[in-house]
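**Q** Structure incoming, see below.
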Amino acid sequence: MKITKKIISKIEGEATLKLHKKDKIIEFAEIEFWQYRGMEEFLKNRHYLDACVINPRVCGICGHSHLIATAKAIENALDVKITKKAEILREITLGLEIIQNHIKWFYLTLYPSVKQKDFFKALEFAKDIAKIIALIAGQFPHNSYAIPGGVTCDLTNLEIIKIKNFLYEMFERYQKIMSVDGKSEDLEELFEDIPKDIGRGLNRFLVLGDNLYFSSNGDFKFIREEKSTSLNKNVLYKDKFYEVGPLARNLNNPLVSSIYKKHKDSVYTRIFARLYEVNLIFEYLLKRIDEIEINEKNYIKPTQKNAKGYGVIEAPRGSLIHEIEIEDEKIKRYNIIVPTQFNLSNGNKLNPSPAQAALMNEDEKYADFIFKCFDICAICVSH
Amino acid sequence: MHSKPKVLWIDAVSCYGCSHSFYNYPQIKEILNKIDLIYHPLLPTKEFEIKSSDILIIEGAIKSNFLRLGFDLIDLIAKLIKLSRKVILIGTCSVYGGMFGEGILFNKEDKGKFYKCKDKIISIPGCPPHPEWIAYAIEMVLNDKKILLDSENRPKEIYSYTSHMGCVRNEYFEWKVDAKNFGEKEGCLFYEQGCQGPYTHSSCNKILWNEVNSKPRAGTPCFGCTEKTFPRKDLFKTETFMGIPANIPLGVSKRAYLTLAGVAKSLTNERLNKRLIDEDN
Ligand code: SF4
Ligand code: SF4
């Protein structure tokens with residue numbers, strides 16, 4: 001048996017992969033993360049509102065999800081309800097963050113690991129998606145418009161009309177990437193020289209958030225973090241590893257489930273679910289935007305000062321958890337569990353995490369690709 | 001034909017927000033086509049090697065015991081700076097340290113580890129920096145144009161503005177009408193919500209984010225994301241000293257500010273004291 005160590009870069013952050021191989025076939029893979037930024041410590045003793053500025057900086061590509069999870073955690077702690085209008089606006093900006101993430105991941109992370117492909121159209125698309133977010137939230141990346149109690153903006157119908165038309169335009173433009181009936185030339189081209197059925201994971205799925213159109217199939221109370229061999233922490237649900245992310249949360253869609261029946265939880269199904277999710281998000285947002293009552297309040301001021309709470313959402317890569325303890329308006333404890341920790345836990349040969357399972361028994365030449373299919377965010381892991 | 005200028009983009013301790021901000025530059029293709037991007041943490045390039053560059057772009061703060069690409073981060077940065085002709089520090093982390101560590105040029109208020117290299121450094125702070133600022137710095141260097149820099153090596157064409165300039169709430173500021181709450185069109189965020197616009201060096205509210213908006217326009221206070229103090233504590237509160245904002249607009253004496261504020265407060269602008277969009281006539 002031979003063990004090779006490889007630094008995986010060109011993902012959000014970097015990870016180390018140790019492949020145990022026999023004749024080019026991967027027998028086992030160890031996944032390590034060697035970076036740490038100490039953000040939870042940084043939050044301590046600050047006013048809880050500061051978390052709305054600090055936490056988006058967990059990640060440049062999915063920081064908005066961290067903002068929404070922060071606001072939800074504090075609202076849960078302080079028992080605050082937000083208006084329907086504020087809730088819909090958050091759905092729009094979070095949904096759009098997921099969309100820009102998937103586009104960038106597909107063309108900038110995944111494609112280059114297989115072949116060359118023009119990525120400027122992806123940047124162009126993501127830039128326009130970011131513009132819609134900015135119309136509501138002020139800017140992208142790194143806004144702080146979602147705060148406990150609602151949102152800071154106060155839109156007029158002019159913006160709502162602009163946003164809606166823009167959403168229609170982007171939805172239509174997306175049809176060239178993947179149509180509503182699941183056709184995608186770029187996806188088929190990616191698989192020209194790669195088998196579709198490799199990279200099967202654990203076939204165990206978890207959805208903890210219920211934002212957008214997703215429905216949760218679990219309870220965050222059964223989550224446990226444990227020490228790993230590197231600076232990452234493993235995450236288990238009822239003592240088992242689970243796959244989170246677009247495949248997990250879209251299995252109840254007829255089209256995704258038909259692909260799943262054919263290709264199981266392989267790389268192809270995982271990528272398909274992710275690209276297809278974009279269509280479903282557009283459809284959902286276009287429905288929700290019509291429900292906005294422009295005269296409804298944007299913000300209701302929280303009154304409590306002490307409590308514990310948590311916020312769980314479906315972020316681009318899967319279930320994201322923020323936990324907070326507040327004492328006299330100050331943060332006493334903060335804990336963040338990110339989707340990549342679920343998918344890329346470092347288990348052992350008998351009890352591997354989804355990504356480890358996906359790598360096992362596959363040809364080493366596909367390692368990079370299989371790994372990147374999970375859309376790894378090492379930056380989030382190193383929070 | 002001349003070979004294209006070599007640009008090496010390295011990330012230190014960061015969130016990659018600077019890169020993602022730059023992706024929003026509408027003519028990013030035109031810029032990337034002009035250069036030979038020898039490394040970038042996310043964009044497709046060749047494998048990383050320690051190499052000389054015409055422009056070194058650094059995103060993120062420095063910190064000891066931090067590994068990047070298999071190297072000790074600070075050693076790596078030292079080597080890359082030495083091998084480069086010009087260095088562009090992008091983001092508040094890289095200039096001052098921000099929330100992740102020490103900056104390259106400064107460590108918050110103090111001189112940073114690489115202060116001695118000041119002559120070849122251009123600072124583009126911001127968390128994240130506006131895409132146009134990054135594009136500006138790259139273009140100016142590529143075209144060998146002289147950039148007017150201030151004492152912290154920030155281009156004056158960007159950082160002589162304050163983020164207060166261009167805010168749609170300026171009239172409320174003038175007449176000292178404060179926002180009563182978040183989520184309202186009316187009122188200035190300077191008195192209650194912690195807005196740092198009047199003393200933050202930034203042209204973001206002039207050129208606008210994503211070409212359409214800004215934080216204060218969206219009702220979020222300016223957090224002073226371009227400053228060495230970012231992120232200071234209590235970002236949503238205005239620090240006061242005996243009822244007076246502790247930090248006052250740049251270039252004004254406390255006395256002048258108080259006189260002006262007193263006069264504005266003693267007079268009333270009726271239009272600004274009610275809802276902007278009134279439901280009755
Ligand atoms: S909200 Fe901030 S940026 Fe806008 S006018 Fe008031 S102080 Fe200036
Ligand atoms: S408004 Fe302030 S915090 Fe926001 S981008 Fe501009 S300078 Fe930074």
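The values are calculated or read from the model by the stated rules, or taken from the named source; none is laboratory data. What you see is a predicted model, and the numbers here were worked out from it, not measured in a lab. Cβ placement follows ideal geometry from the backbone for every residue including glycine, while neighbour counts extend to all protein chains displayed. To get the accessible areas, we keep the full protein, side chains included, count just its heavy atoms, and leave off ligands, DNA and RNA. Shrake-Rupley method; radii C 1.70, N 1.55, O 1.52, S 1.80 Å.
Per-residue answers, yes or no, for (1) within 23 Å of A:Leu280 (Cα to Cα); (2) outside any helix (DSSP H, G or I); (3) more than 24 Å from the chain's Cα centre (by Cα):
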{"position": "A:Ile160", "(1), (2), (3)": "yes, no, yes"}
{"position": "A:Leu167", "(1), (2), (3)": "yes, no, no"}
{"position": "A:Arg173", "(1), (2), (3)": "yes, no, no"}
{"position": "A:Ser179", "(1), (2), (3)": "yes, yes, no"}
{"position": "A:Gly182", "(1), (2), (3)": "yes, yes, no"}
{"position": "A:Asp186", "(1), (2), (3)": "yes, no, no"}
{"position": "A:Glu189", "(1), (2), (3)": "yes, no, yes"}
{"position": "A:Pro195", "(1), (2), (3)": "no, yes, yes"}
{"position": "A:Arg200", "(1), (2), (3)": "no, yes, no"}
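**Q** Counting only residues that are within 19 Å of B:Ser160 (Cβ to Cβ) and part of a helix (DSSP H, G or I), which one in region B:205-228 is nearest to the other protein chains (Cβ to nearest Cβ)?
**A** B:Pro216
Rundown of residues vs (1) in a loop (DSSP other than H, G, I, E, B); (2) more than 21 Å from the chain's Cα centre (by Cα); (3) buried (at least 20 other Cβ atoms within 10 Å of the Cβ), yes/no style:
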{"site": "A:Lys85", "(1), (2), (3)": "no, yes, yes"}
{"site": "A:Ile99", "(1), (2), (3)": "no, no, yes"}
{"site": "A:Ile103", "(1), (2), (3)": "no, no, yes"}
{"site": "A:Ile133", "(1), (2), (3)": "no, no, yes"}
{"site": "A:Gln139", "(1), (2), (3)": "yes, no, yes"}
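**Q** Whether any residue in region B:189-201 is part of a loop (DSSP other than H, G, I, E, B), more than 21 Å from B:Thr268 (Cα to Cα) and more than 10 Å from ligand 1 (Cβ to nearest atom) is what I want to check. Before you say what the answer is, go through the steps one by one.
**A** Taking region B:189-201 and keeping what is part of a loop (DSSP other than H, G, I, E, B), we get B:189-196, B:200.
Now restrict to residues that are more than 21 Å from B:Thr268 (Cα to Cα): B:193-196, B:200.
Restricting the remaining residues to those that are more than 10 Å from ligand 1 (Cβ to nearest atom) gives none.
Checked region B:189-201: no residue is part of a loop (DSSP other than H, G, I, E, B), more than 21 Å from B:Thr268 (Cα to Cα) and more than 10 Å from ligand 1 (Cβ to nearest atom).
**Q** Can you name the number of the only condition in (1) away from ligand 2 (no atom under 16 Å from the Cβ); (2) surrounded by 24 or more Cβ atoms within 10 Å (Cβ to Cβ); (3) over 25 Å from A:Pro141 (Cβ atoms) that B:Glu186 fails?
**A** The failed condition is (2).
**Q** Next up: Report yes if some residue within region B:46-59 is aromatic (Phe, Trp, Tyr), touching a strand residue (DSSP E or B) at 6+ places or on another chain (Cβ under 8 Å) and surrounded by fewer than 22 Cβ atoms within 10 Å (Cβ to Cβ); otherwise report no. Give the derivation first.
**A** Taking region B:46-59 and keeping what is aromatic (Phe, Trp, Tyr), we get B:48.
Imposing the further condition that a residue be touching a strand residue (DSSP E or B) at 6+ places or on another chain (Cβ under 8 Å) reduces the set to B:48.
With the extra rule that they be surrounded by fewer than 22 Cβ atoms within 10 Å (Cβ to Cβ), the set shrinks to B:48.
Yes, some residue in region B:46-59 is aromatic (Phe, Trp, Tyr), touching a strand residue (DSSP E or B) at 6+ places or on another chain (Cβ under 8 Å) and surrounded by fewer than 22 Cβ atoms within 10 Å (Cβ to Cβ).
**Q** Which residues, counting only those in region A:61-116, are more than 11 Å from chain B (Cβ to nearest Cβ) and without any contact (Cβ under 8 Å) to a residue 12 or more places away in the chain?
**A** Result: A:Glu87, single match.
**Q** Here is a follow-up. Residues that are among the charged types (D, E, K, R), more than 29 Å from B:Gly97 (Cα to Cα) and either within 10 Å of chain B (Cβ to nearest Cβ) or in a helix (DSSP H, G or I) (or both): does region A:123-131 have at least one?
**A** Yes; the residues of region A:123-131 include at least one that is among the charged types (D, E, K, R), more than 29 Å from B:Gly97 (Cα to Cα) and either within 10 Å of chain B (Cβ to nearest Cβ) or in a helix (DSSP H, G or I) (or both).
**Q** Need the failing condition index for A:Phe166 against (1) buried (at least 18 other Cβ atoms within 10 Å of the Cβ); (2) within 14 Å of another protein chain (Cβ to nearest Cβ); (3) of a type in the set (A, V, I, L, M, F, W, C), just the number.
**A** (1)
**Q** Looking for something more than 14 Å from chain A (Cβ to nearest Cβ) and within 16 Å of ligand 1 (Cβ to nearest atom) - is there at least one such residue anywhere in region B:138-159?
**A** There is at least one residue in region B:138-159 that is more than 14 Å from chain A (Cβ to nearest Cβ) and within 16 Å of ligand 1 (Cβ to nearest atom).
**Q** Has region A:36-47 got at least one residue that is in a strand (DSSP E or B), touching a residue at least 12 places away in the same chain (Cβ under 8 Å) and open to solvent by 10 Å² or more (accessible area, probe 1.4 Å)? If you could, list the steps in order and put the result at the bottom.
**A** Narrowing region A:36-47 to residues in a strand (DSSP E or B): A:47.
So of that shortlist, the ones also touching a residue at least 12 places away in the same chain (Cβ under 8 Å) come out as A:47.
In the following step, the residues that additionally are open to solvent by 10 Å² or more (accessible area, probe 1.4 Å) were identified as A:47.
The answer is yes, given that some residue of region A:36-47 is in a strand (DSSP E or B), touching a residue at least 12 places away in the same chain (Cβ under 8 Å) and open to solvent by 10 Å² or more (accessible area, probe 1.4 Å).
**Q** Follow-up question, since we're still on this one. If the Cβ limit is 9 Å and pairs must be 6+ apart or interchain, which residue in region B:204-229 that is of a type in the set (Ser, Thr, Tyr) and open to solvent by 10 Å² or more (accessible area, probe 1.4 Å) pairs with which residue that is within 10 Å of ligand 2 (Cβ to nearest atom) and in a loop (DSSP other than H, G, I, E, B)?
**A** B:Thr229/B:Gln196
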